[in-house]
């Protein structure tokens, strides 16, 4: 006699439901510009297994069972509504429905929870906003991947061009090599889709998106309007110019705003999405997304300051090596960075601590910082040592940060893991600015030490895209609205 495996049967049932979710999620995204989320994680273009794994993650973090059998009815209810562009979190819909005692049906509750995105209240689809990437290195190529991914609805950001210096070889060879670097990445894997090259028109075509490759040695050499580009947001990935005067050279015909993927100098606003992006003035043409480390520490620092108050703090970053360092010992203008990156731990400086004041001007606490580069190619960790204004417990801090990661306005910035086996490779591809490691967290009275993982390449690139979406007017509201 064969014993039926209930666990396997349950898995197959959930697999079938997840499979039926995919066309509903895709149709909402393509036809209505609605991004379906699960605890702030997008389900657009995800596989059956990815959808099930995302549900499992939600269960582990929230501490409660969450299955596709619960979320599917809310997804089905969304397809019946006259929705406008928005982001809708079906996990939050399911969880708030659990706590609701009014006896509403799923359809009634869903319609009420997303009322701001329906009918007369809905935002109309907007014209796509042109984006130009100036530079096509590590961050530039990840930004290109994200922009192509987000172009699925056709109403958001549209990557129109990449500006690079000629490598010295033939234009055709240069184009093919740059397309190949976008297609394959040793850390982040294969590009999800197809990439072809149109050598005659100097164009890379990624998932149907035509991206013009423009060769120029200086911003003054480019007339973007000649390529049909207008009112574009230009993202400078080179870091060559960091002050307002230098970045202003990008404000050429066809370019309306400039976003820097490095800490800005002088009066250039340093923006950490989720913390101070609402402070950007509508007429501001030049801004910075600060550094990957600043983006990693500022959101949890704000979460701690809001709840406990912060007297002072120190951040030590253990950072993966970057292309700024040498493979083998060689001359470098900075101290120690000339020594072999894959063979050494290298003590260096970080400007992340000083940048906190720009992103959190109301925080009066003094924050200091230092950094060590280590022989891993991606994912870093920031150790944030804080003296708080009041005493607390480890349990209280972890519960607070867990809740922040799930339901607060910072849920896209702060992630949370309680895995006792987590290591740096586990966070490659994380879309959050930082991930709180619960197992490593230490609290003693008014002293708290947080260990914050962050993908210094991909997580930071996601933060940059969020800033660009905000300034372009295509960052759509999220429902249910997060608690303030």
Exception for residue 407 within (1) within 20 Å of residue 41 (Cα to Cα); (2) at pLDDT 95 or above falls at (2)
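Residue-by-condition table, conditions (1) without any contact (Cβ under 8 Å) to a residue 12 or more places away in the chain; (2) touching a helix residue (DSSP H, G or I) at 6+ places or on another chain (Cβ under 6 Å); (3) part of a loop (DSSP other than H, G, I, E, B):
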position	(1), (2), (3)
94	no, yes, no
101	yes, no, yes
107	no, yes, no
112	yes, no, no
125	no, no, yes
141	no, yes, no
145	no, no, no
148	no, no, no
159	no, yes, no
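For segment 179-203, name all the residues that are assigned to a helix (DSSP H, G or I) and farther than 25 Å from residue 472 by Cβ. Spell out how you get there, then give the answer.
Step one: of segment 179-203, the residues assigned to a helix (DSSP H, G or I) are 179-183.
179, 180, 181, 183 - these are the residues of segment 179-203 that are assigned to a helix (DSSP H, G or I) and farther than 25 Å from residue 472 by Cβ.
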Is it true that some residue in segment 59-78 is modelled with pLDDT of 90 or more and assigned to a loop (DSSP other than H, G, I, E, B)? no
Checking 40, 47 in turn, the sole residue that is modelled with pLDDT of 85 or more and either within 30 Å of residue 127 (Cβ to Cβ) or surrounded by fewer than 19 Cβ atoms within 10 Å (Cβ to Cβ) (or both) turns out to be 47
Mind checking which residues of segment 370-383 are farther than 22 Å from residue 138 by Cβ and in contact with a helix residue (DSSP H, G or I) (Cβ under 6 Å, 6 or more places away or on another chain)? none
All conditions in (1) assigned by TED's automatic domain parsing to the domain that holds residue 428; (2) within 27 Å of residue 237 (Cα to Cα); (3) free of Cβ contacts under 8 Å to residues at least 40 places away in the same chain are true of residue 355 except (3)
Select from segment 340-355 the residues that are in a helix (DSSP H, G or I) and closer than 14 Å to residue 316 by Cα and list them in ascending order. 352, 353, 354
Only one residue in 408, 430 is out of contact with any helix residue (DSSP H, G or I) (no Cβ under 7 Å at 6 or more places or on another chain) and outside the structural domain of residue 114 (by TED's automatic domain parsing). Which one? 408
Give me the pairs: first residue in segment 47-64 and outside the structural domain of residue 401 (by TED's automatic domain parsing), second residue surrounded by fewer than 19 Cβ atoms within 10 Å (Cβ to Cβ) and at pLDDT below 85, beta-carbon distance under 6 Å, and six or more apart or on different chains, which are they? 59/65
Suppose we filter 222, 197, 164 for residues that are in the same structural domain as residue 241 (by TED's automatic domain parsing) and free of Cβ contacts under 8 Å to residues at least 40 places away in the same chain; which single one remains? 197
Filtering segment 429-483 down to residues that are more than 19 Å from residue 403 (Cα to Cα), assigned to a helix (DSSP H, G or I) and over 10 Å from the mean Cα position of the chain (by Cα) yields 468, 469, 470, 471, 472
Can you pull out every residue in segment 356-380 that is in a loop (DSSP other than H, G, I, E, B) and farther than 19 Å from residue 261 by Cβ? 360, 361, 362, 363, 364, 365, 375, 376
Among the residues of segment 165-184, write down those that are at pLDDT 95 or above and either closer than 25 Å to residue 126 by Cβ or in contact with a helix residue (DSSP H, G or I) (Cβ under 7 Å, 6 or more places away or on another chain) (or both). 181, 182
Here is a check on your reading of the model: is residue 119 out of contact with any strand residue (DSSP E or B) (no Cβ under 7 Å at 6 or more places or on another chain), surrounded by fewer than 19 Cβ atoms within 10 Å (Cβ to Cβ) and closer than 29 Å to residue 200 by Cβ? no
Is it the case that segment 210-218 has a residue that's assigned to a helix (DSSP H, G or I) and within 16 Å of residue 163 (Cβ to Cβ)? no
So which of 406, 401, 360, 388 is more than 28 Å from the chain's Cα centre (by Cα), more than 21 Å from residue 138 (Cα to Cα) and crowded, with 16+ Cβ neighbours inside 10 Å? 388
Anything in segment 270-284 that is assigned to a loop (DSSP other than H, G, I, E, B) and surrounded by fewer than 17 Cβ atoms within 10 Å (Cβ to Cβ)? List them, or say none. 280, 281, 282, 283, 284
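The values are calculated or read from the model by the stated rules, or taken from the named source; none is laboratory data. The shown structure was predicted, so the numbers you read here are calculated from the model rather than taken from an experiment. Every residue, glycine among them, receives a Cβ derived from its backbone with ideal geometry; neighbour counts consider all protein chains shown.
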